[in-house]
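For reference, the structure is listed below as structure tokens.
Throughout, read-outs are computed from the coordinates displayed, never taken from laboratory work. Keep in mind it's a predicted model, so treat the numbers as computed, not measured. Heads up, the Cβs are rebuilt from the backbone with ideal geometry, glycines too, and the neighbour counts pull from every protein chain shown.
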């Protein structure tokens with residue numbers, strides 16, 4: 001009897017104390033002026049390999065509603081309707097997304113995924129770094145990324161890194177977002193231009209938002225610095241802390 005109790009206790013200590021639940025993530029895809037048919041499978045694999053996420057995918061995000069999205073800890077957007085920037089989703093879905101965020105849901109955007117819904121005022125309030133008339137970029141090049149905020153959970157312990165990517169210049173700046181990092185390339189440095197804001201966070205109600213202008217294509221997304229940043233940013237948006245090193 002004592003042996004049975006000892007073995008039961010040992011099994012509990014080994015397996016029963018692990019209360020960590022996978023983070024439920026929903027990836028929005030199906031349309032983008034970038035290579036979404038390549039980048040979406042890459043994202044799914046990246047999160048599944050990490051082991052801390054349970055990943056679902058939809059290529060028809062306009063069919064969602066609050067009762068569906070409320071089951072997810074975080075939503076990652078790899079979708080836009082460019083060049084149909086005036087497109088709106090149905091009022092029920094739009095209000096559902098705002099309710100989801102205020103009640104503690106997480107939102108993650110990268111590169112061009114905020115370049116949408118230009119006539120949805122509330123969306124403009126919860127996003128930043130979209131493509132505007134003044135925005136531009138050169139050819140893909142080696143970009144230097146600088147971590148400016150070294151105390152935030154996402155960037156704490158991350159060092160500056162380089163990535164071959166497309167650097168957006170003068171993207172829209174939503175001043176309600178906190179900038180965690182900036183980026184530049186040789187063209188901007190030669191011109192004496194300031195570093196571009198590149199890593200952003202914001203809290204709305206009980207919810208959290210993460211965005212980076214990085215991640216133009218598969219080559220950029222396969223960069224170790226980008227993957228670490230996106231994984232940590234997504235985890236933070238979902239649960240408010242970062243465990244991934």
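The calculated 222 nm mean residue ellipticity attributable to helices in the chain amounts to -8000 deg cm²/dmol, summing -39500 (n - 2.57) over DSSP H runs of n ≥ 4 and dividing by all residues.
Going by neighbour counts of Cβ atoms within 10 Å, the residues 66, 100 line up, fewest first, as 66, 100. With neighbour counts taken as other beta-carbon atoms within 10 Å, the residues 23, 213, 143 rank, fewest first, as 23, 143, 213.
For a Förster distance of 45 Å, can you work out the FRET efficiency between the beta-carbons of residue 151 and residue 66, rounded to the nearest 0.05? For R0 = 45 Å, the calculated efficiency reads 0.85. Sorting 123-129, 92-98 by average packing, meaning the other beta carbons within 10 Å per residue, from highest down gives 123-129, 92-98.
Note on segment 38-84: Kirkwood radius taken over Cα pairs, Stokes-Einstein applied at 25 °C and 0.890 mPa s, translational D equal to 201 µm² s⁻¹. Looking only at the chain, where both bridge partners belong to it, what percent of the DSSP beta bridges are antiparallel (to the nearest 5)? DSSP beta bridges in the chain are roughly 55 percent antiparallel.
Taking R0 as 45 Å, what FRET efficiency do you get between residue 90 and residue 241 from their Cβ-Cβ distance, rounded to the nearest 0.05?
0.85
For segment 102-190, the equivalent ellipsoid derived from the Cα gyration tensor has semi-axes of 23, 20, 10 Å, listed largest first.
Convex hull volume of the Cα atoms of segment 79-141, normalised per residue: 101 Å³.
So how much slack lies between residue 224 and residue 191, counting 0.36 nm per residue of separation and subtracting their Cα-Cα distance, in nm?
Working: separation 33, 0.36 × 33 = 11.88 nm, distance 2.83 nm.
The residue 224-residue 191 span can extend by a further 9.1 nm.
Relative to the dominant Cα principal axis of the chain, helix 2-11 is inclined by about 0°. Taking the Kirkwood radius as Rh and the Cα radius of gyration as Rg, segment 44-148 has a ratio of Rg/Rh equal to 0.99. Compactness of the chain was expressed as the Cα radius of gyration divided by 2.2 N^0.38 Å, which yields 1.09. Fewest neighbouring Cβ atoms within 10 Å first, the residues 146, 117 line up as 146, 117.
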